[in-house]
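Written below as structure tokens is the structure these notes are about.
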Amino acid sequence: MSKTYKQVPFAAIVPSPTVSNEHMVTGNWRYLRPVVDKGQCTQCKTCWIFCPDACVDFSKDEGVDFNLKYCKGCGVCSSVCPVGAISRVPELDFDE
Amino acid sequence: MTLAVAIDPNMLEVTVWTRGVTLAKEARDTATLLAKAGKAEGKHVQSFDNYVDLPDRIGVPCKSYARISPDPIETFYEYENYRPDIVVLAEETLVKGHNILGGAKPGCVVVINTARDPEKLLKWISPKENMKHLKAVACIDANALGAGVMLTFDGTEGSGDDTKIGAGVGAAIAGAVAKATGCVKLESLVSVAENKAAVKQGYEKVTVLPVCKGEAFACGLPEDPQEIKWK
């Protein structure tokens, strides 16, 4: 009962997803795939914040990566990228 | 008492795959045009959308159906085409990651709206065990022949849309289907479509790749593209 407001988690912060829903795979909705140019990427994580499906994976070694099983290709990441490092490439240009 | 599922032996089943919101109307147009053209030829037809898909989400894969039969259609209580004869993809990426040949009948024809070569799209068509049923892959660059009708986001879900049936991309795709499969005649299709030029251009510009045992040209090249005739 007696928690100070600083002990209560901030409302918008939820745990990072650890399980995926196998019954709602949305990767095949995508027709433009996000591709990050690692040379241009400043690792500001803006795309990681904005991705509505939590499909941006970030690691200090690899940098930004996308979970293509669930990425719908909405293009928010490429719109918000401040340096324009994320481009959208037609899905059929990739074999896999 | 058991209910027997009706089997219409002469019924052609057309499944049109599309993307929600951006191309949903065009796919419905393609299915509706094929059904209406069949009706103009005196055949029995049905045309409807998939009830399970939720096409109000942008980019979601969804389906529209048409059924054309010379005999009265007794299939009323199947709300999907489980055994398609013709599979139409209103957007090229749908070939990847969807079981578009699921339940396909022998002699199935796939028509794809793309600017790419049919040979390059063949490797993505799935499921692979149904590739032996595939007779031809046809490609039509319909996006160059007409514009898609994009539904608005005002909540009316297209009810205020006054574009007629077959005004854009869907008309060109329907023309390509008519050429590649011969399921309906060009004249009847032109008579029911709004954009008659797009139907004719789609009919003329379609590229048909004959497929045999899952491979292109495995059975040799027919002398005449028109040789790929329907039943």
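The values are calculated or read from the model by the stated rules, or taken from the named source; none is laboratory data. Just so we're clear, the structure is a prediction, and the values are computed from it rather than from any experiment. Cβ coordinates were reconstructed from backbone atoms using ideal geometry, including for glycine residues, and neighbour counts include every protein chain displayed. Ligands, DNA and RNA are excluded from the accessible area calculation, which covers all protein heavy atoms including side chains. Shrake-Rupley method; radii C 1.70, N 1.55, O 1.52, S 1.80 Å.
Taken over the stretch B:118-153, residues that are more than 21 Å from residue B:27 (Cβ to Cβ) and of a type outside the set (S, T, N, Q) amount to 11. The residue pairs whose first member lies in the stretch B:46-65 and is away from chain A (no Cβ under 14 Å), whose second member is acidic (Asp, Glu) and part of a strand (DSSP E or B), and whose beta carbons are closer than 9 Å, counting only pairs six or more residues apart or on different chains, are B:64/B:49; B:65/B:13; B:65/B:49. Being assigned to a loop (DSSP other than H, G, I, E, B), closer than 21 Å to residue B:189 by Cα and either over 14 Å from the mean Cα position of the chain (by Cα) or aromatic (Phe, Trp, Tyr) (or both) holds for only one residue in B:97, B:102, B:42, and it is B:42. Within the stretch A:19-35, residues that are within 13 Å of chain B (Cβ to nearest Cβ) have Cβ atoms under 7 Å from residues that are outside any loop (DSSP other than H, G, I, E, B) and basic (Lys, Arg) in these pairs: A:32/A:88; A:33/A:88, counting only partners at least 6 apart in sequence or on another chain. Of all residues in the stretch A:22-42, those satisfying the criterion of being open to solvent by 80 Å² or more (accessible area, probe 1.4 Å) and not hydrophobic (A, V, I, L, M, F, W, C) are A:22, A:23, A:31, A:38, A:40, A:42. With respect to the conditions (1) open to solvent by less than 40 Å² (accessible area, probe 1.4 Å); (2) acidic (Asp, Glu); (3) away from every other protein chain (no Cβ under 14 Å), residue B:71 lacks only one, and its number is (1). Condition first: part of a strand (DSSP E or B), within 12 Å of the chain's Cα centre (by Cα) and not acidic (Asp, Glu). Can you find one or more residues in the stretch A:8-22 that meet it? There is no residue in the stretch A:8-22 that is part of a strand (DSSP E or B), within 12 Å of the chain's Cα centre (by Cα) and not acidic (Asp, Glu).
Based on this model, can you work out whether residue B:90 counts as away from every other protein chain (no Cβ under 12 Å) and crowded, with 21+ Cβ neighbours inside 10 Å? Judged against the criteria, residue B:90 is not a match.
Mind listing whichever residues of the stretch B:160-173 are open to solvent by less than 10 Å² (accessible area, probe 1.4 Å) and out of contact with any Phe, Trp or Tyr (no Cβ under 9 Å at 6 or more places or on another chain)? Listed by number, the residues that qualify are B:166, B:168, B:169, B:170, B:171, B:173. The residues listed here are B:146, B:155; of these, the one that is buried (at least 21 other Cβ atoms within 10 Å of the Cβ) and not in a helix (DSSP H, G or I) is B:146.
Give me the residue from the stretch B:104-118 that is in contact with a His (Cβ under 7 Å, 6 or more places away or on another chain) and among the hydrophobic types (A, V, I, L, M, F, W, C) and, out of that set, nearest to the other protein chains (Cβ to nearest Cβ). The residue in question is B:104.
The sole residue among A:64, A:83 that is among the hydrophobic types (A, V, I, L, M, F, W, C) and assigned to a loop (DSSP other than H, G, I, E, B) is A:83. Going by the conditions given, is residue B:22 within 21 Å of residue B:145 (Cα to Cα), within 13 Å of another protein chain (Cβ to nearest Cβ), more than 10 Å from the chain's Cα centre (by Cα) and not in a helix (DSSP H, G or I)? Taking the combined requirement at face value, the residue satisfies it.
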